[in-house]
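Here's the structure, in structure tokens; my notes come after.
The values are calculated or read from the model by the stated rules, or taken from the named source; none is laboratory data. Only a predicted model underlies this, so the values are computations on that prediction, with no experimental measurement involved. Cβ placement follows ideal geometry from the backbone for every residue including glycine, while neighbour counts extend to all protein chains displayed. Heads up: the accessible areas ignore ligands, DNA and RNA and are worked out on the full protein's heavy atoms, side chains in. Shrake-Rupley method; radii C 1.70, N 1.55, O 1.52, S 1.80 Å.
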Amino acid sequence: MPPLSTSAPGVRQTKFRFRCIACGDLSDTASQDFRCPHCGDLLEILYPQWKEAPPAAQDLKSTWRQRRLSQSAVDLSGVWRFRDLLPALENGDQAITLREGNTPLYELPQCARITGVPRLFAKHQGLNPTGSFKDAGMTVAATFARLAGFRWVACASTGNTSASMAAYAARGGMRSLVLVPEGKISWSKLSQALDYGAVTCQLRTDFDGCLRLLQELVLRAPVYQLNSINPFRLEGQKTLAFELLEQLDWQPPDHIIVPGGNLGNSSAIGKALLEMRDLGLISRLPKLSVIQAEGANALVRTLRDADGKRLVSVQAETRATAIRIGNPASWKKAVHVLEATGGACEQVTEVEIAQAKAQIGAEGIGCEPASAVTLAGLKKLVKQGFVKQDESVVLVLTGNLLKDPDFTMEFHRGDLFKGTPGESASAALNSLRRPPIVLDATLDAVIHTLEQAEKS
Ligand code: F0G
């Protein structure tokens with residue numbers, strides 16, 4: 001079957017174009033694998049009219065503010081509210097939205113004390129409709145899938161993308177196909193995809209194997225691919241940065257720190273920062289840093305061992321299963337935004353991730369393990385002097401605490417590191433553990449427990 005075009009008949013394509021990130025080829029349409037027909041590299045979305053007639057920064061800011069008073073579906077969405085900097089829809093009814101975005105920016109006073117960085121904030125993307133940052137990208141990409149006339153959408157996933165895709169497909173009246181690595185994604189993410197009606201295939205491979213297969217599948221079958229290779233996804237994910245800067249009254253923080261897996265999110269946030277700088281929405285760039293799990297550190301090695309020139313892939317292994325990725329698709333985009341913003345790339349151990357997750361949890365916020373790499377990474381960046389203690393820092397928490405209850409239960413019960421290389425180092429985390437206590441149902445037993453807890 002010849003590759004079907006992903007261009008949408010109902011969309012005025014003149015508003016945006018696809019550009020190859022390697023050879024710069026410009027095109028109005030993209031094939032289903034979203035790869036450059038000339039060199040095979042990834043595409044990004046470009047808005048040619050911004051060069052001739054850039055939208056005025058003050059107008060954008062006041063339009064976005066005004067839309068917060070509106071009750072229309074696209075204005076209630078924390079993604080489509082910023083639609084002036086997204087691929088255009090002919091009308092708002094075309095959007096498939098679950099009122100994504102609109103996520104809070106929290107202060108983290110206890111983590112601020114731990115790190116010695118008083119101005120420390122968390123942008124909690126885990127409070128999106130399906131519990132992760134993926135919803136911001138999915139609303140845009142699913143909308144364009146439907147506009148292009150697709151009945152089926154598909155993704156490879158470590159869990160969150162599949163949960164999000166299944167939900168948006170269901171809302172948009174499309175069928176969804178999920179490819180996930182068998183036994184390597186959390187039950188809670190898997191259960192979301194099932195409940196939202198996806199056809200869910202647990203493949204005997206890892207995430208990288210699932211993604212490879214999907215790339216071949218979309219060239220053979222009329223399914224629309226919704227991985228972050230799809231540049232519409234990254235356009236939606238840009239809005240995290242727009243919303244963050246609005247919450248900070250357009251005063252850029254010194255640092256934004258994100259977890260790195262397939263590297264779509266860091267690329268999207270970086271693109272948004274560069275666009276905001278170019279359009280005059282902000283006067284200086286925050287440094288965007290990416291943190292990976294030590295066992296899934298392809299970007300760290302790509303920068304360290306190959307100077308960012310070629311991908312050094314790894315056989316990924318980490319309990320932060322969301323970022324258990326060894327062959328990240330968007331590595332070139334991520335290298336570009338790290339260089340353009342002057343950010344750093346670091347890795348953290350499994351024990352450091354568990355400790356940081358418990359410390360974020362103790363703030364009453366909570367996140368999934370992959371999100372906690374940001375706090376663990378910040379500690380390292382402070383030690384290295386890359387982050388100064390008088391600077392402001394925003395951690396992007398990408399997923400909800402409830403996304404991986406097994407990790408949390410094993411940590412608090414003291415089982416997480418049993419028989420692993422981290423076992424002895426994890427003893428230092430005992431004071432953070434709060435195992436459930438089984439008691440006889442008597443007042444005395446409960447009062448005794450309360451007294452013991454008061455002493456500890
Ligand atoms: N944090 C969480 C909670 C994630 O689910 C992911 C990626 C990341 C961070 C990394 O983001 O890939 O853009 O660098 N999850 C994907 C998935 C791969 O299939 O759900 P990235």
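Each 10 Å bin from zero holds the following percent of Cα-Cα pairs in the range 283-414: 13, 42, 34, 11, 1.
Dividing the alpha-carbon Rg of the range 69-149 by 2.2 N^0.38 Å yields what?
Numbers: Rg = 15.9 Å, N = 81, 2.2 N^0.38 = 11.7 Å.
Normalised by 2.2 N^0.38 Å, the Cα Rg of the range 69-149 equals 1.36.
Based on Cα atoms of the chain, Rg over Rh with Rh as the Kirkwood radius reads 0.97. Just how far, in whole angstrom, is the range 129-164 from the range 278-353 if you go by their alpha carbon centroids? With the range 278-353 and the range 129-164 each reduced to a Cα centre, they are spaced 23 Å.
Assuming a ≥ b ≥ c are the square roots of the Cα gyration tensor eigenvalues, decide whether the range 90-219 counts as rounded (a/c under 1.5), prolate (otherwise, with a/b larger than b/c) or oblate. The shape class here is oblate. Solvent exposure of Leu234, expressed as accessible area, is near 10 Å², computed with a probe of 1.4 Å over the protein chains only.
Computed over the range 128-287, the quotient of the alpha carbon radius of gyration and 2.2 N^0.38 Å is 1.08. Along its principal axes, the range 1-147 has C-alpha extents of 56, 36, 34 angstrom, given from the largest down.
To the nearest 20 debye, what charge dipole does the range 310-426 have about its Cα centre, counting +1 at the Cβ of each Lys and Arg and -1 at the Cβ of each Asp and Glu?
On the way: 13 positive and 14 negative charges, 67 e Å.
Once rounded to the nearest 20, the dipole reads 320 debye.
Each part gets one Cα centre, and for the range 81-122 versus the range 192-252 those centres are 17 Å apart. Look at the dipole of the range 194-289 built from charges on Cβ: of Gln225, Pro252, Ser266, the Cα furthest out on the positive end belongs to Gln225. Would you work out which of Gln192, Ala306, Gly399 lies farthest towards the positive end of the dipole of the chain, given +1 charges on the beta-carbon of Lys and Arg and -1 on that of Asp and Glu, about the Cα centre? Toward the positive end, the furthest listed residue is Ala306. If only the Cβ of Lys and Arg carry +1 and only the Cβ of Asp and Glu carry -1, the dipole of the chain around its Cα centre is close to 780 debye.
Assigning unit charges at the beta carbon (Lys, Arg +1; Asp, Glu -1) and nothing else, what dipole magnitude in debye, to the nearest 20, does the range 101-251 show about its Cα centre?
On the way: 15 positive and 11 negative charges, 63 e Å.
That gives a dipole near 300 debye.
Could you sort Lys271, Lys123, Lys184 by accessible area so the largest value comes first, with the probe set to 1.4 Å? Don't jump to the answer; show the numbers that get you there.
Numbers: Lys271 30, Lys123 0, Lys184 80 Å².
Descending accessible area places them as Lys184, Lys271, Lys123.
Measuring nothing but protein heavy atoms, the accessible surface of the chain at 1.4 Å probe radius is 51 percent carbon and sulfur.
Calculated [222 nm] ellipticity per residue, helices only, for the chain: -11500 deg cm²/dmol; basis is -39500 (n - 2.57) per DSSP H run with n ≥ 4, divided by all residues, nearest 500. Note on Leu26: accessible area approximately 80 square angstrom, rounded to 10, probe 1.4 Å, nucleic acids and ligands left out.
Restricted to Cα atoms, the range 375-421 shows a radius of gyration and a Dmax of 15.1, 40 angstrom.
Ligands, DNA and RNA aside, Phe411 has an accessible area near 10 Å² when probed at 1.4 Å.
The residues of the chain expose, per residue, 42 Å² of accessible area to a 1.4 Å probe.
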